[in-house]
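Note sheet for the following structure.
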Amino acid sequence: MVHGTLRMMETVVSGIRPTGNLHLGNYFGALKNFVKMQNENTCYFFIADYHSLTTHPTPADLHGNVKTVLAEFLAAGLDPEKATIYIQSELPETAELYLLLNMNAYVGELERCTSFKEKIRTQPDNVNAGLLTYPTLMAADIIIHKAHKVPVGKDQEQHLEMTRTFANRFNRMYKVEYFPEPQAYNFGEELVKIPGLDGSMKMSKSDNESSAIFLADAPDVIRRKIMRATTDTGPTAPDSPKAQAVQNLFTLMEDFSSKETYEHFDLLYRTCQIRYGDMKKQLAEDIIKFTTPIRDEILRISSDEAYISKVARLGAEKAHASASKTIREVREIIGFRKF
Ligand code: TYM
């Protein structure tokens, strides 16, 4: 018998929608934590292809994007021996739990969700029921494995709050302590939000392609995108506050460059001597240094279809083992046929 602290393995679940290549926001908000967490937890990481149907992709786009994201998961360092890596639609138990949770999710609370209100504003011609019930599907993804921790970026915080509401409601309704309360997670630190190159608060692929830097971008593409990033005419008085777009570049520099580099350019800004061109050149090189090894792996793994499909098959089996147990127990708690 080995003495020492016996730590319960916690369950970790998270997913990313297959809407194209992954960008630096996806990496720092989610994927980087997936890779760190796989060593010490029971992890389930999936590609949220059901969720991506709210924007009606063509079958060819959907198929290609799922494969891309799977290859990028592996290239970033996810290990199919350590974590269960699967495709959401290959786990139909999720869809069943989603249906059951929808019975106890109120239209009012779903309508109040910030991401739903945002969709009404940005895509008024496609306000489908899948968008309204997006948070219940996400809750089903998470609690199907009875997760404790969910590594996500800041934009998903409210969805996690709703997940806790649905899990607790189920427990209360059936007078059971069945589902744990999952928490959004980023290694004990604040959840992160990587800003866009166009001055937007959040790097995102849907709004403007050139506002995002993708892990798979070639060095020249990264240089071009950063050189074109929005700035202003420069500070005219010492210690001026930074405009949002300028602040975004500094935030990226904080994330990717050395402390000395950041402080050097910050001092130039504060003393009105900054030349954004120089700062951008440095930032581009620092980002390229970071993305190059991942990009090389993406290129290598993407060409190995047999491996990618083996990973998906193995992941679906392992995910099924966990999800089918939950569904069996949930059905019993609800009172479906036992005889
Ligand atoms: P999605 O596909 O939009 O984003 C995937 C992950 O990347 C994070 N992220 C960011 N983090 C920091 N800065 C950014 N600029 C940035 N942009 C994206 C997101 O926070 C997320 O962690 N609904 C989810 C997918 C999902 C899911 C789940 C996540 C479906 N079911 C269950 C966790 C658990 C989404 O659309 O993420």
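The values are calculated or read from the model by the stated rules, or taken from the named source; none is laboratory data. Predicted model only: the values in this text are computed from it and were never measured. Backbone-built Cβ (ideal geometry, glycine too); neighbour counts: all protein chains shown. SASA here: full protein model, heavy atoms, side chains in, ligands and nucleic acids out. Shrake-Rupley method; radii C 1.70, N 1.55, O 1.52, S 1.80 Å.
Miscellaneous remarks
- Distance between modelled label sites at THR230 and TYR174, nm, 7 Å Cα→Cβ extension: 4.8 nm
- Computed about its Cα centre, the charge dipole of region 43-142 is approximately 320 debye, with only Lys, Arg, Asp and Glu carrying charge at their Cβ.
- Cross-link check: pairs LYS36/LYS154; LYS82/LYS202; LYS205/LYS281; LYS242/LYS281; LYS82/LYS146; LYS117/LYS280 evaluated at a Cα-Cα cut-off of 28 Å; pairs beyond the cut-off: LYS82/LYS202; LYS117/LYS280.
- Counting only protein chain heavy atoms and rolling a 1.4 Å probe, the accessible areas of HIS23, HIS56 rank, largest first, as HIS56, HIS23.
- ASP266 versus VAL107: modelled label distance in nm, points set 7 Å from Cα along the beta carbon direction: 5.1 nm
- Helix 93-102 axis versus longest C-alpha principal axis of the chain: approximately 90°, rounded to the nearest ten.
- As a fraction of the 1.4 Å probe accessible area of the chain, surface on carbon and sulfur atoms comes out at 52 percent.
- In the chain, the DSSP-assigned H stretches of four residues or longer account for a calculated mean residue ellipticity at 222 nm of -16000 deg cm²/dmol, using -39500 (n - 2.57) per stretch and the full residue count as denominator.
- Kirkwood-type radius of region 267-339, with distances r between different C-alpha atoms, in Å: 17.8 Å
- Debye log10 I(q)/I(0) at q = 0.14, 0.15, 0.25 Å⁻¹ for region 1-91, Cα point scatterers: -0.52, -0.58, -1.30
- Taking GLY199, GLY15, GLY64 in turn, the Gaussian network model of the chain (Cα-Cα springs below 10 Å) assigns the largest fluctuation to GLY64.
- Note on ASP278 and GLU118: the model spin-label points, each 7 Å out from Cα along the C-beta direction, lie 3.7 nm apart.
- Range of Cα positions in region 129-184 per principal axis (Å), largest first: 31, 27, 16
- For the chain, a Gaussian network of Cα nodes joined below 10 Å ranks GLY153, GLY108, GLY234 by mean-square fluctuation, and the top entry is GLY108.
- Measuring how big region 117-232 is from its alpha-carbon positions, Rg and Dmax come out at 18.3, 59 Å.
- Dimensionless Rg/Rh of the chain - Kirkwood Rh, Rg from C-alpha atoms: 1.01
- Angle in degrees between helix 59-75 and the longest Cα principal axis of the chain, rounded to the nearest 10: 80 degrees
- Structure remark: mean-square fluctuation, Gaussian network model of the chain, C-alpha springs under 10 Å; the largest value among VAL150, VAL12, VAL311 belongs to VAL311.
- The heavy atoms of THR292 present about 50 square angstrom of accessible area, all protein chains included, probe 1.4 Å.
- Under 13 Å, Cβ to Cβ, from ASN186 - net charge with Lys/Arg +1 and Asp/Glu -1: +1
- Seen against the Cα atoms of the chain and their longest principal axis, helix 305-334 is set at about 50 degrees.
- Assigned charges on the beta-carbon of Lys, Arg, Asp, Glu; region 260-339 dipole about Cα centre (debye): 700 debye
- Charge dipole magnitude, Cβ of K and R +1, D and E -1 - region 209-299, Cα centre, debye nearest 20: 300 debye
- Whole-percent pair-distance distribution, where bins are 5 Å wide, for the alpha carbons of region 209-299: 3, 15, 24, 24, 16, 10, 5, 2, 1, 0
- Per residue Cα convex hull volume in Å³ - calculated over region 93-134: 66 Å³
- The heavy atoms of TYR307 offer some 80 square angstrom of accessible surface to a 1.4 angstrom probe.
- 17 Å reach of a label modelled at LYS36, 7 Å along Cα-to-Cβ, counting backbone N of region 174-213: 183-194
- Heavy-atom accessible area order for MET9, MET227, MET37, largest first, 1.4 Å probe: MET9, MET227, MET37
- Exposure here means at most 14 other Cβ atoms within 10 Å; with trypsin sites (Lys or Arg not before Pro) in a DSSP loop as sites, the longest stretch of the chain lacking them is 8-111.
- Per-pair calculated FRET efficiency, R0 = 35 Å: THR58 and ARG331 via Cβ, rounded to 0.05: 0.50
- The Stokes-Einstein estimate for region 70-171, based on a Kirkwood radius over Cα pairs and taken at 25 °C with 0.890 mPa s viscosity, is a diffusion coefficient of 163 µm²/s.
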